[in-house]
Amino acid sequence: MPIEAWLLPRVGWRTALTILAVVLAVITIPIHAFVLRRSQTAQPAREADGTPSRVPGVTLAEAARTLVFWVLAAAFFVSNFSTAAVSVHLIPYLVDRGYSATLAASIIGWMGAMQVPGRMLFVPISVRLGARAMVASVFFGQAVGLGSLPFILLIGTALPFIVVMGASNGMSTLSRATSLAQIFGARHYGAISGAVALGANGARAIGPVGASLLLLGLGAYPSVFWALAASLVCASLAVLIAGAGVKGE
């Protein structure tokens, strides 16, 4: 984000997009072309002695018949929607409150940087809280971060938002992986995780536009942020209620 903010006034948005596309291509295409192994024909999982694998786990169809699957899918949809919305709309919101566009973009950049320590803290916290409480805590942390935005001028700094929202976002991806594996088992984890990710990643695509529609309907950014925070609190509570059967607790 700070690099984009630096490029825009110097080269214009078209050239800035081209530069970013070239950087993305140079970094990612060679890695995918020369480093990734070719896919192999899928074989049934087996133990070392050749017997069928005893790795526990339910199928995607069985998981989809449980309440907790749909609660988690909806909760991660709300989480990713909120994250994508704030990443786009935070800049105009802060600019309206006297921040420069460059500083606003830097705040988003630091929010992304805070994901790293958040992920480092995930395992020790998760061990203490358990999978169900950890997932719920991540959504509640995101709600707290969003809820602090309308008070940013009163607080006098964006630091609480950066720390809480950034760390919670960093933990979100890990919490999705661990919760699904613990609840539904490892055997069909890829299919189940992919199904949940389909909705969660779709939320990233519609989040900015959806937040714009919320802004038109609610009339002001604080109302949008509070609405998103309230939805995350509901997601947190739903996970606590529906996830009572999480294994390992």
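The values are calculated or read from the model by the stated rules, or taken from the named source; none is laboratory data. None of these values were measured; they are calculated from a predicted model. Here the Cβ is made from the backbone with ideal geometry for all residues, glycine too, and neighbour counts use every protein chain on show.
Here are some residues: A113, A74, A105, A133. Which one is hydrophobic (A, V, I, L, M, F, W, C) and over 22 Å from T173 (Cβ atoms)? The conditions single out A105. Listed conditions (1) crowded, with 17+ Cβ neighbours inside 10 Å; (2) not in a helix (DSSP H, G or I) are all met by L90, apart from (2).
One line per residue, one yes/no per condition, for (1) part of a helix (DSSP H, G or I); (2) at pLDDT below 85; (3) of a type in the set (D, E, K, R); (4) under 30 Å from T59 (Cβ atoms):
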| residue | (1), (2), (3), (4) |
| --- | --- |
| S148 | yes, no, no, no |
| I152 | yes, no, no, no |
| M171 | yes, no, no, yes |
| T178 | yes, yes, no, yes |
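For segment 172-192, does any single residue satisfy the condition of being surrounded by 20 or more Cβ atoms within 10 Å (Cβ to Cβ), under 29 Å from L103 (Cβ atoms) and in the same structural domain as V123 (by TED's automatic domain parsing)? Yes, segment 172-192 has at least one match.
Of these, S223, S231, S212, which one is within 28 Å of V116 (Cβ to Cβ) and not aliphatic (A, V, I, L, M)?
Numbers: S223 fails: within 28 Å of V116 (Cβ to Cβ); S212 fails: within 28 Å of V116 (Cβ to Cβ).
None of the other options fit; the residue is S231.
Across segment 154-169, what is the number of residues that are in a helix (DSSP H, G or I) and crowded, with 17+ Cβ neighbours inside 10 Å?
We begin by selecting, within segment 154-169, every residue in a helix (DSSP H, G or I); these are 154-155, 159-169.
When the remaining residues are screened for being crowded, with 17+ Cβ neighbours inside 10 Å, the result is 161-169.
Going through segment 154-169 one residue at a time, the tally reaches 9.
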